[in-house]
Amino acid sequence: SVEEATTDDEFGDLFKAAEAFRQENVSNRQLLADYRELSSNLESQVEDRTKELNIKNQELDRLASMDKLTETLNRRALDAQLLAEMERAKRYQRPLTVLLMDVDLFKRVNDEHGHLTGDKVLISVTQQITKNLRTSDIWGRWGGEEFLVICPETDLEQAHNVAQKVRKAVEKTDFSLPHNVTISIGLSPLSQDMSPESLVAQADKALYQAKYE
């Protein structure tokens, strides 16, 4: 009958609509899966890139804090470390002593044997300092042939023992030169009223006395 035909057509339309809806859902689910996969890959790439940048930034920070020749802390880094250690020592009323080391007659080495030899001497002195300091000591090249050592939790007597150990080690080192290479060391213990400048200035005064008296 006409009514039956109409009903069949309606069922056909409903089936087509349902199939279209199903296909659309399948397509949407696939799009969602693709999106999630893309998003996951993108997040992974961003995470990897962030890690790479962090590593490079850390390396840049390390290089910016390092003396190129001796591969120890440079003056900029030492200034920051000295201030931080002084503040900590004052806050908790703990001992701290700095050592200022200077290679004796270094100008003579450069003048008589050249700056390349002078650089080798500085590197060798650096190696001896490294071997004979404690792991808690913070140190680096203060400038030229001078090295600054920050000794946390260290009173003057303990610092003197450290200084003597380093001084003797350098004195015994064979620098392949016709004369010995020695270092002089000035010590300065921290007191509450001191600034970083006054602490180093006192060590410098003690260094001058050690060198010329």
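The values are calculated or read from the model by the stated rules, or taken from the named source; none is laboratory data. All values reported here derive from a predicted model rather than from experimental measurement. Cβ sites come from the backbone with ideal geometry, for glycine too, and all protein chains shown count toward neighbours. For the accessible areas, the whole protein counts, side chains as well, though only heavy atoms, and no ligand, DNA or RNA atoms are used. Shrake-Rupley method; radii C 1.70, N 1.55, O 1.52, S 1.80 Å.
Descriptive notes on the structure:
- Among the conditions (1) more than 24 Å from Leu82 (Cβ to Cβ); (2) touching a strand residue (DSSP E or B) at 6+ places or on another chain (Cβ under 9 Å), Asn110 misses just one, which is (2).
- Residue match in segment 124-135 (condition: surrounded by fewer than 19 Cβ atoms within 10 Å (Cβ to Cβ) and more than 20 Å from Ile183 (Cβ to Cβ)): yes
- Residue match in segment 149-166 (condition: touching a strand residue (DSSP E or B) at 6+ places or on another chain (Cβ under 6 Å) and open to solvent by 20 Å² or more (accessible area, probe 1.4 Å)): yes
- Any hit, segment 191-201, residues being at pLDDT 95 or above, of a type outside the set (Ser, Thr, Tyr), surrounded by fewer than 18 Cβ atoms within 10 Å (Cβ to Cβ) and more than 30 Å from Gln93 (Cα to Cα): no
- The residue that is nearest to Gln81 (Cα to Cα), counting only those in segment 164-209 that are part of a helix (DSSP H, G or I), touching a helix residue (DSSP H, G or I) at 6+ places or on another chain (Cβ under 9 Å) and not basic (Lys, Arg), is Pro196.
- Options Leu63, Leu116, Leu83; residue that is among the aliphatic types (A, V, I, L, M), exposed (fewer than 14 other Cβ atoms within 10 Å of the Cβ) and at pLDDT below 95: Leu63
- Restricting attention to segment 174-189, the residues that are closer than 16 Å to Ala163 by Cβ, open to solvent by less than 40 Å² (accessible area, probe 1.4 Å) and not small (Gly, Ala, Ser) add up to 3.
- Whenever a residue of segment 76-96 is closer than 17 Å to Ser136 by Cβ, its partners that are open to solvent by 60 Å² or more (accessible area, probe 1.4 Å) and part of a loop (DSSP other than H, G, I, E, B), lying with C-beta atoms within less than 8 angstrom and at least six residues away or across chains, give the pairs Arg88/Arg94; Arg94/Glu153; Pro95/Glu153; Pro95/Asp155; Leu96/Glu153.
- Of the helices (runs of 4 or more DSSP H) lying entirely inside segment 70-144, those containing at least 1 residues that are under 25 Å from the mean Cα position of the chain (by Cα) are 75-92, 115-132.
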